[in-house]
1. Need one word for the stretch 1-104: rounded, prolate or oblate. Basis is the Cα gyration tensor (sqrt eigenvalues a ≥ b ≥ c); a/c below 1.5 gives rounded, then a/b vs b/c decides.
2. I want to verify a result. In a Gaussian network model of the chain, Cα cutoff 10 Å, which of these has the top mean-square fluctuation: 242, 233, 29?
3. Return the label of the correct value of semi-axes √(5λ) of the Cα gyration tensor in Å, as calculated from the structure shown, out of [x] 51, 21, 17; [y] 32, 27, 19; [z] 37, 26, 20.
4. Between 0 and 90 degrees, rounded to the nearest ten: what's the tilt of helix 177-190 against the longest Cα principal axis of the chain?
5. If a paramagnetic tag sat 7 Å from the Cα of residue 64 along the Cα-Cβ line, which residues of the stretch 6-41 would have the backbone N under 13 Å from that point?
6. Out of 295, 317, 379, any idea which swings most in a Gaussian network model of the chain, alpha carbons joined below 10 Å?
7. Of all DSSP beta bridges located in the chain, what percent are antiparallel, nearest 5?
8. Calculate the spin-label point distance for residue 348 paired with residue 261, positioning each point 7 Å from the Cα along the beta-carbon direction, and give it in nanometres.
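Throughout, read-outs are computed from the coordinates displayed, never taken from laboratory work. Model, not experiment: these values are computed from the prediction. Counting neighbours? That spans all protein chains shown, and the Cβs are built from the backbone with ideal geometry, glycine included.
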């Protein structure tokens with residue numbers, strides 16, 4: 001089994017399905033360039049058959065991106081697949097990602113097709129896609145809610161037709177980690193030709209479990225590709241967050257034993273760019289890319305970090321693209337953090353008594369203001385000097 005995890009980014013396709021997150025061709029190109037700088041393995045550039053705009057965006061990205069595989073989504077029909085192939089023609093390396101629903105609910109209510117019809121259409125679609133490229137991904141939509149025997153039958157059939165990646169989506173975010181990992185593991189064990197394909201996962205965050213489900217499927221299920229998006233952007237509650245799975249695998253290599261090709265120092269820049277283009281702000285406490293992800297406000301934490309960063313930081317801020325971590329001075333801050341900030345600001349303190357007096361004034365101000373600015377800290381230290389000179393406080 002491969003010791004490398006493939007990162008498949010779907011910010012430009014599934015991410016754009018977030019209501020209000022539509023992007024122009026030029027905006028998609030900007031993000032694709034950043035994804036390539038970040039060394040993402042696969043960029044799902046869009047859904048070529050969905051609109052002329054998407055077709056042109058995929059073609060533009062395929063013309064420019066050279067290092068990453070460029071992919072287009074396509075339903076399991078001839079028109080979609082040929083349209084995807086046409087858009088991907090300029091690509092150095094291309095992938096067609098075709099899909100059809102396999103759950104009883106979707107087949108009956110949405111497709112109005114029998115299982116046998118779905119099986120035949122899935123095989124035919126992969127066969128058509130292989131006529132254009134040898135890199136074909138197949139997804140059984142709503143896979144996590146599909147009948148296991150039928151899912152095995154379909155996947156075995158599409159691998160026989162030449163599918164090289166099998167993606168098993170948790171389309172509606174219904175799965176839980178243990179069950180989802182067991183599903184991927186059982187599929188790989190039961191399907192006779194499973195070793196001929198890379199197994200992939202695509203999880204949605206409706207129950208807040210997208211990252212957990214994806215990582216469980218990798219660690220315990222044997223999946224070797226994760227489909228994800230910058231900032232967790234995507235349909236409804238969003239997709240698996242790229243920055244979270246990449247840093248989890250990298251930080252806990254002792255658990256996962258896998259390498260990722262991604263240049264993690266480009267993560268924050270990618271997050272900012274996607275946020276700027278879509279208008280979707282990143283919550284401050286968001287893991288890895290949130291403004292507070294490497295910020296410390298508690299005096300106990302600040303004291304620990306100032307002595308040794310790994311007391312409260314399991315990653316380095318610089319490793320994901322931040323310039324540094326942050327010590328935020330407020331009412332919870334202690335004397336050591338206050339003293340450190342004075343030194344950083346070049347403020348000279350002549351005695352411990354002067355430092356103590358300035359710290360008392362700082363705490364009084366911090367009780368009124370959530371965050372005390374550097375200008376206010378300098379002013380507080382100067383107040384003490386004036387008081388010593390005049391014999392009375394200001």
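1. Values: a/c = 1.33, a/b = 1.09, b/c = 1.22.
Rounded, since a/c falls under 1.5.
2. Among 242, 233, 29, the largest mean-square fluctuation in the Gaussian network model of the chain belongs to 29.
3. Computed from the coordinates, semi-axes √(5λ) of the Cα gyration tensor in Å corresponds to [x].
4. That helix lies at roughly 30 degrees to the long axis.
5. Under cut-off, by backbone N: 24-37.
6. Comparing 295, 317, 379 in the GNM, the peak value goes to 379.
7. If I count the DSSP bridges inside the chain, around 5 percent turn out antiparallel.
8. Output for this residue pair reads 5.7 nm.
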